[in-house]
Amino acid sequence: MIHYVLLIFMAVVALGLARQRNLFAVVILFGIYSFTAALLYVVMDAVDVAFTEAAVGAGISTVLMVATLALTSTEEKPATWRVCPLLVVTLTGAVLIYGTLDMPRYGDPSAPIHQHVAPHYIEKSAAEVGPPNIVTSVLASYRGYDTLGEVIVIFTAAAGVLVLLGRYRPKKRRVPSRKDQAVARKTTTRKAAARKASSP
Amino acid sequence: MMVYKSILRVSSKLLIPPILLFALYVQFHGDFGPGGGFQAGVIFASAFILYALIFGIDTARRVVTGWAVRLLLAGGALLYSGVGVAGLVLGGNYLNYSVLADDALVGQHLGIFLVEFGVGSVVAAAMITIFFTFAGYRNSPGESLPEESGPEED
């Protein structure tokens, strides 16, 4: 029951997102959407995923998007209706919904995902790895290589931001350099020349 | 990005220590309950981001200097991969923690602890870096135009 309430709420928020033109409102709506998703994960007993969704999706992403808004404008350009993108989106959505029809029921013990390595993790992880939280055992030990990849992705993202947007230089060095002053003098003389030329 | 509201200032000062403490709890209690390096890193970074939002980017940068964040960023990644290399040196596979100690379970525990710590520091440093760079972009002198920095002479 609560699943349906949360899913309908997510759908309503998604519709609001699509209609909203103010980017600040869009960012906040995204946060609400993420938080509802986190609630849904809690209801489905995936507390670790819910925790990550709440911290990363609802928390940090929202703050980072707000920080990004400081660099851009807060209003979206008015939308134009085009047939082709609408067709592509509708088709993709229909295909995705068609794909979900073939999925096993939620919580079905005979689903393929519960037949492969999951029984081994549940039965043996306490003896092989130790931690009572099986999710930690899987993430850090059984699938340590994957987690290393994720960490490297995050590291690369931060390194890329540092390289592209530049390292921080303190305000003290804001004193104009000789070159800047020379450029400024040149532009002011050019401005003065232009002013002289424009006024007869 | 700076707010001169005394209520926000006081309440954020009250909030930041518990946030940091909660991040450490999530980091080191991840073996027993929900949580782990990723979540802890994000929560840890959010404390500094809150500080930067209320007290300004420049003040926050004096608290967490650029080299400290970069050290945390690279150090975390190196710690994680270093644990893997240590497993190789001690005669196991890459990222096999069982060989880190005499007892396999103790080795696993040590390995998971170090690896989660690496994850936490990379995530925290990455979030702090990205926020500070985005939010402080306008402050950088590279952005200012030459016309602004030079004095108008006429």
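The values are calculated or read from the model by the stated rules, or taken from the named source; none is laboratory data. This is a predicted model, so every value here is computed, not measured. For neighbour counting, all protein chains shown are included, and Cβ atoms are generated from backbone atoms with ideal geometry for every residue, glycine included. Remember, those area values only see protein heavy atoms, side chains included, never the ligands or the DNA or RNA. Shrake-Rupley method; radii C 1.70, N 1.55, O 1.52, S 1.80 Å.
Inter-chain Cβ neighbour count for A:55-65, averaged per residue, equals 5 (cutoff 10 Å, partner chain atoms only).
Applying 1/(1 + (r/R0)^6) with R0 = 22 Å to the Cβ-Cβ distance of A:VAL89 and A:LEU7 gives a FRET efficiency near 0.65. Note on B:59-67: average number of Cβ atoms from other chains within 10 Å of each residue's Cβ is 1. Taking a ≥ b ≥ c as the square roots of the eigenvalues of the Cα gyration tensor of segment A:1-78, is the shape rounded (a/c under 1.5), prolate (a/b larger than b/c) or oblate? Taking the square roots of the gyration eigenvalues as a ≥ b ≥ c, segment A:1-78 is oblate. For segment B:101-116, the Karplus equation 6.51 cos²θ - 1.76 cosθ + 1.60, evaluated at θ = phi - 60°, returns couplings of 9, 4, 8, 4, 5, 5, x, 4, 4, 4, x, 5, 4, 5, 5, 5 Hz by residue, with Gly and Pro reported as x. Using a probe of 1.4 angstrom, how much of the accessible area of chain B is carbon and sulfur, in percent? Carbon with sulfur: 69 percent of the solvent-accessible area. For segment A:33-143, the relative contact order comes to 13 percent (Cα pairs under 8 Å, sequence separation of at least 6). For the chain pair A and B, the buried solvent-accessible surface (1.4 Å probe, both sides summed) amounts to about 5100 Å². Residues whose amide H lies under 5 Å from that of B:GLY56, counting only those 5 or more places away or on a different chain, are B:VAL3; hydrogens are built 1.01 Å from N in the peptide plane. The value of relative contact order for chain B, using C-alpha pairs under 8 Å at least six residues apart, is 26 percent. The Cα center of segment A:29-82 and the Cα center of segment B:65-142 differ in position by 26 Å. Karplus-based coupling profile of segment B:65-77, in residue order and whole Hz: 6, x, 5, 5, 5, 5, 4, 5, 5, 6, x, x, 4, with θ = phi - 60° in 6.51 cos²θ - 1.76 cosθ + 1.60 and x standing for Gly or Pro. Other residues with beta-carbon under 14 Å from the beta-carbon of B:ALA40 carry, at +1 per Lys or Arg and -1 per Asp or Glu, a net charge of -3.
Couplings 3J(HN,Hα) of segment A:132-149, computed from phi: x, 7, 5, 4, 5, 4, 5, 5, 8, 10, 4, 10, x, 5, 5, 5, 4, x Hz, in residue order, whole Hz [Karplus 6.51 cos²θ - 1.76 cosθ + 1.60, θ = phi - 60°; x for Gly and Pro].
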